[in-house]
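Asks: Sharing a structure here in structure tokens format.
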Amino acid sequence: MHENATKVGFGAHLIGEIFPFHLGFDEQLRVVQHGVGVTKVCPDVRDGVRFGELFTVYRPRTEASFADFRRAAASTFFIDSIATKVRMRGQMGFDTESGLLFFIGTPWFVDIDELRRSQLGLKDFTVHDPIVDFLYMVQAKTLALADATKFSETIAKQRDELMRTNEELARASAAKSQFLANTSHELRTPLNGIMGMGALLQLEDLPRHHRNYADKIMGSAKALLVVVNDVLDFSKMEAGKLTLEPAEFRLHELAHEVTEVFAASADQKGLDLVCIVGEGVPVRVVADDGRFRQILSNLLGNAIKFTSKGEVVLRIDLVLERTDDYVLRTSVRDTGIGVDEQGKTTLFTPFSQVDGSMARRFGGTGLGLAISKQLAELMGGEIGVESESGVGSTFWFTATLKKSAVFAAPIVHDLSRLYALIADPCATSCDQLRSLLERHGATVDVCEDGAEALRRIDSALAAGRPYDLAVLDVRASSPPGAHVAKAISANPRCHPMRTIVLYTTAQPDAAKMRARVDAFVSKPVNGRKFIQSVARLFGHPVADSIVPPPTVAPRSRSSGKLRLTRVLVVEDHPVNQEVAVSMLATLGYAADVAANGHKAIEAIEQGSYFLVLMDLQMPELDGYAAAAEIRRRERGAKHIPIIALSAHAMEGDRAKALAAGMDDYLTKPVDIAHLAYAIGRWAPAPTEPRPPSSAPRRRTHRSHDRSIDTSVLDKLRKYQRKGAKNIVTDVIEKYLADLPERLLAMRHAAATEDRAGMAAPAHALKSSSASIGAIELGKISAQLEAACLVGDGDTEVTPPTDLVLTLFECLEKESTRVRADLQTILHDQQLHQENTE
Amino acid sequence: MYGLVNAAVQDLVVSKFGTDKWEKIKTKVGWDGDSFSRMAQYPDDLTYKFVGAASEVLSITPDQVLEAFGEYWVLYTGQEGYGHMFDIAGSTLREFLINLDSLHTRVGQNFANLKPPSFTYDEVNEQTLRMHYHSDRKGLCPMVSGLLRGLSKRFETELRIDHPVCSRLGAPHCEFMLTVSGGNA
């Protein structure tokens, strides 16, 4: 606008329309004009009334005078109606033309309801006045705030509910875990009775169908024990109490032992089971061997369960070696049904099997993999699966295992001059054996069937470079490996060649093959033992394969001078008392029973026991307190070995038992072989053994230097019929004819440390020896059989090989005595007969 | 569409037909919230889905749903903190109708992205107004009929509503003939 342009002010009516809330004052601050809106909020406004009678000034802080108002014209004015308390917001302006002071403003509300209460409406406000819009906005924000408050209150309420629910769930979960732990404990107690009595029953000389029943009872009980253990582990896992108890162990042995456990079930399904320990995998490590074994068992068990043909391969490889530890990757590959993508997501979740029908078809708790996952994680590793439906799966886990203080370097034999042929229908097994032999420098050919093996042997002979060694799987077909072995035996040109026959438990007659076989090796092949067998055949010195016990030496053994022979069984449960006493009797130990800790202390004060088996949970005085009291009274003067027997199997039980002064720890159900081993560690061999239950129980009168209880033979004579062949002579002759074959089979098995191969002839010898009065030999056979059977399940303690070998040595010695004595008896018998004739 | 609209749909269904029906409608729509934030923006599509689902679940036509909603909207907003806004927009039905456009305009300026409809009038005679209804959203005219019916109840004034021109029949916008008789007109 130009400066000299005519400027036009508001006319009186226009100012009223545009500013309905305006007031005009003269120099005495008397109202001279006002807008129509003003009287709506301040009805007492009239011309001529002074400002001070109508309003107070809230802001600015100034006197209500014309001059002061003029001076503060630029300020924001808030004036309050004295009559209605309505506040108006606006500004003062002095009109030089009229000499009047104007207040231009609008009622000031912060809540739309105040506007309504003042009976104002939209129509009372001009379009340029934003107060209504402001109030709308405030209202909208108030509503939004109310919504937000409501939401936040809802969230707070939900959070409280969630926390309450969480607490309730935690309580319920803790109660469930405790319930599971208690139930599992309660289940283990009767299971101990079933398995203990079952094991004793199995040692009896039973008719075939009764043996079948007994075996099935034991099989079912063992399966039940797996479930109970799974549930117990799961409850520990839930309670965060699943922890590891590291100890030093031999990893290669453990892998092969676990594989051997599954050999029979793999054989029954016609599966090839192979255990491969990769190059560089340490021999000795420090970790929780029981838990490591548990993961292996779980993965192998699943693989065999879900595979109907083909192979299952356990493989351990070294991933990384660091200053203090190793990282290992263990995998179990199968050619089974496989898992689809969806199945993989739930596999490691508790109680999940790939689908419900799996549980019906294959059984199992669905806890095994979840527990394995937790264990692998505790070992600083992880678990996973690669799988294709219908093709197979590879389950793997990694674990960090500490180095042992003792470094055991793998033994390397120089087999560089060895030229070997392997005939095995299982390609993986061929690869394993080839790689083992090649690792030691040998040159190796492989083939799958017998005919090919014979061809190769012939052509090698023809070429002037014959094989030094043939490794034949008895299953190699057309012709079978056994026939190949016989053909080799029959061919004198082959005689410089050594033969090793591989067999599985599915071919139990392998050991009886009428062929010149240098060694039998049972499958799954234990790589270390296989190489040792080969090395022995070729005259290489083999380091002593006897494994010392993995744990520390016993603190003391009972003095040999005293020759104490009784064991005190401290146990409150009548069936378990009987189980323990019967097992001890079978092992040749006499026992007394104390039903609680107090009675045990009294019995020890009065009696002479060389060992105590101590139940942990008993009325009145429990095992821990009793052991502590026994140690207190001993005052270090003597030390009676105490072995804890616990059905509790909870975390820390072992540590608690050892802390209470006990020397060893066994979990129920107690395996007779574990018991034999544990007692063997802490006590001398029994001196006045009770015969095994299959032998006559009455006290015998055998002369101390003879191995035969003749009263047994006397009993037999009662059945002698006139005219018939002398019954005693007949029985002894049959026994003497059978004995060498049994010993040979055991010797073969002993050469390869094949425990299963030793157990069967030991079992046969146990019964037959008892029936001709060779009581001691029968007893040693029973102990050997028991020791050989360890490892076919939930082992806590595995007897070292030396126990088996020592027993076998005793057995051989005793058998020599028996043979000599029987021959003397036969001789006497014949003389007697001749004399009577 | 502001959450207020969806909240009103929810309130209408729950109060007139029960929670079960509302749960069914929610399931059909695939909405798993418990309530709506009244001043938050929701996609228009969601509101249309609610109308479609309500029509199926309540076995009435979508037009009937919209009309019922329009009528309920007046009652609902009157209760849900907008009563005072209504109060200051007019003390008679006629005054309110005249201010309806101004009300929407002012509210529209205060909320981001609100696309309020517009209502303008031709005065046919003292009793009758021709209302021109413009909206960016198509097909909601049955809701306007319901809205007018709701206002007639609020101001206790009989109102005859004719809808001679409809955008759904090809017209550029809808026209309503509103004839006030009796009451506060």
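Asks: Once amide H atoms are built 1.01 Å from N in the peptide plane, which residues 5 or more positions from A:Ala594, or in another chain, come under 5 Å H to H?
Replies: For A:Ala594, the qualifying residues are A:Val569, A:Val570, A:Glu571.
Asks: Starting at the first residue of segment A:240-249, write each ³J(HN,Hα) from the Karplus equation 6.51 cos²θ - 1.76 cosθ + 1.60 with θ = phi - 60°, in whole Hz, x for Gly and Pro.
Replies: x, 10, 7, 10, 9, 10, x, 8, 7, 8
Asks: Any idea of A:Asp80's accessible area? Nearest 10 Å², probe 1.4 Å.
Replies: Per-residue accessible area (A:Asp80): approximately 30 Å².
Asks: Any of A:Lys157/B:Lys153; A:Lys123/B:Lys115; A:Lys305/A:Lys529 with alpha carbons more than 30 Å apart? Name them for me.
Replies: A:Lys157/B:Lys153
Asks: Suppose accessible area is computed on protein heavy atoms with a 1.4 Å probe; arrange B:His134, A:His639 from highest to lowest.
Replies: B:His134, A:His639
Asks: Oh, and also: What accessible surface, in Å², does a 1.4 Å probe find on A:Thr126, ignoring ligands, DNA and RNA and rounding to the nearest 10?
Replies: The accessible area of A:Thr126 comes to roughly 20 Å².
Asks: Right, something else. Where a ≥ b ≥ c are the square roots of the eigenvalues of the C-alpha gyration tensor, would you call segment A:373-429 rounded, which needs a/c under 1.5, or, failing that, prolate if a/b is larger than b/c, or oblate?
Replies: It is oblate, given that a/c is not under 1.5 and a/b is not larger than b/c.
Asks: Something else: Can you compute 3J(HN,Hα) from phi for each residue in segment B:159-166, using the Karplus curve 6.51 cos²θ - 1.76 cosθ + 1.60 with θ = phi - 60°, rounded to whole Hz and x for Gly and Pro?
Replies: Whole-Hz 3J(HN,Hα) from phi for segment B:159-166: 9, 9, 10, 10, 10, x, 10, 10.
Asks: In addition: Evaluate 2.2 N^0.38 Å with N set to the residue count of segment A:31-109, then give the Cα radius of gyration divided by it.
Replies: That ratio works out to 1.01.
Asks: If one puts a single equal scatterer on every Cα of the protein assembly as shown and applies the Debye formula without solvent, what log₁₀ I(q)/I(0) results at q = 0.04, 0.06, 0.10 Å⁻¹?
Replies: The Debye formula, applied to the Cα set alone, gives -0.46, -0.67, -1.24.
Asks: Also, I was wondering about something else. Could you derive backbone 3J(HN,Hα) for segment B:30-42 from the dihedral phi with the Karplus parameters 6.51, -1.76 and 1.60 (θ = phi - 60°), listing whole Hz in sequence and x where the residue is Gly or Pro?
Replies: x, 9, 10, x, 8, 8, 10, 7, 5, 9, 9, 7, 10
Asks: Another one. Using the Cα centre of chain A as the reference point, and only Cβ charges (+1 on K/R, -1 on D/E), how large is the resulting charge dipole? Debye, rounded to the nearest 20.
Replies: It works out to roughly 2300 debye.
Asks: Please state the relative contact order of chain A as a whole percent: Cα pairs under 8 Å, 6+ residues apart?
Replies: 8 percent
Asks: Under 13 Å Cα-Cα from A:Lys150, which aspartates and glutamates qualify once same-chain neighbours fewer than 8 residues away are excluded?
Replies: A:Lys150 reaches B:Asp34.
Asks: Moving on. Return the distance in nm (one decimal) between the two label points of a simple spin-label model at A:Thr149 and B:Ile161, each offset 7 Å from Cα along Cα→Cβ.
Replies: 3.5 nm
Asks: While we're on this one: In the structure displayed, which of A:Lys216/A:Lys766; A:Lys269/A:Lys668; A:Lys725/A:Lys779; A:Lys668/A:Lys813; A:Lys269/A:Lys766 lie more than 26 Å apart, Cα to Cα?
Replies: In this structure, A:Lys269/A:Lys668; A:Lys725/A:Lys779; A:Lys668/A:Lys813; A:Lys269/A:Lys766 exceed 26 Å between Cα atoms.
Asks: Give the residue from A:Tyr503, B:Gly139, A:Gln178 lying farthest towards the positive end of the charge dipole for the protein assembly as shown; charges sit on Cβ (+1 for Lys and Arg, -1 for Asp and Glu) and the dipole is referred to the Cα centre.
Replies: The listed residue farthest towards the positive side: A:Tyr503.
Asks: Pairs of Cα atoms under 8 Å, at least six residues apart: use those to get the relative contact order of chain B, whole percent.
Replies: With pairs under 8 Å counted, the relative contact order is 20 percent.
Asks: Considering every pair of different Cα atoms, what Kirkwood radius, in Å, is found for segment A:78-203?
Replies: 22.5 Å
Asks: Taking the Cα centre of chain A as the origin and placing charges on Cβ (Lys, Arg +1; Asp, Glu -1), which of A:Gly623, A:Ser707, A:Leu271 is farthest toward the positive end of the dipole?
Replies: Of the listed residues, the answer is A:Ser707.
Asks: Based solely on its DSSP helices, what 222 nm [θ] is calculated for chain A when runs of n ≥ 4 H residues each add -39,500 (n - 2.57) and the sum is averaged over all residues, nearest 500 deg cm²/dmol?
Replies: -15000 deg cm²/dmol
Asks: Hey, another quick one. Using only the heavy atoms of the protein chains and a 1.4 Å probe, how would B:Asp11, B:Asp136, A:Asp473 rank by accessible area, largest first?
Replies: My answer, sorted largest first, is B:Asp136, B:Asp11, A:Asp473.
Asks: Scan around A:Val525 for amide H atoms under 5 Å from its own, H built in the peptide plane at 1.01 Å from N, and keep only partners 5 or more places away or cross-chain.
Replies: Those qualifying (amide H under 5 Å, at least 5 residues apart or on another chain) are A:Cys275.
Asks: Per residue, how much accessible area does the protein assembly as shown show when a 1.4 Å probe rolls over the protein heavy atoms, in square angstrom?
Replies: I get 48 Å² per residue for the protein assembly as shown.
Asks: Rounded if a/c is under 1.5, else prolate if a/b beats b/c, else oblate: with a ≥ b ≥ c from the C-alpha gyration tensor eigenvalues square-rooted, which is segment A:185-304?
Replies: In terms of gyration-tensor shape, oblate.
Asks: Would you mind checking which residues have amide H under 5 Å from A:Leu418's amide H? H placed 1.01 Å from N; only 5 or more apart, or other chain.
Replies: A:Thr443
Asks: Another question, then. Once you sort the root eigenvalues of the Cα gyration tensor of segment A:564-617 as a ≥ b ≥ c, which label holds: rounded (a/c under 1.5), prolate (a/b larger than b/c) or oblate (the other case)?
Replies: oblate
Asks: Counting only the heavy atoms of the protein chains, how much of A:Arg819 is accessible to a 1.4 Å probe, in Å² to the nearest 10?
Replies: 80 Å²
Asks: To continue, here is another question. Pick from B:Met85, B:Met131, B:Met143: which residue has the top mean-square fluctuation in a GNM of chain B where Cα pairs under 10 Å get a spring?
Replies: Largest GNM mean-square fluctuation: B:Met85.
Asks: Leaving ligands and nucleic acids out of the surface, order A:Trp108, B:Trp73 by accessible area at 1.4 Å, largest first.
Replies: Result, largest first: A:Trp108, B:Trp73.
The values are calculated or read from the model by the stated rules, or taken from the named source; none is laboratory data. Note that the coordinates shown come from a computational prediction; the quantities given were computed from them, not determined experimentally. Using ideal geometry, Cβ is built from the backbone for each residue, glycine included, and neighbour counts are taken over all protein chains shown. Accessible surface is based on the protein model in full, side chains and every heavy atom, while ligands, DNA and RNA are left aside. Shrake-Rupley method; radii C 1.70, N 1.55, O 1.52, S 1.80 Å.
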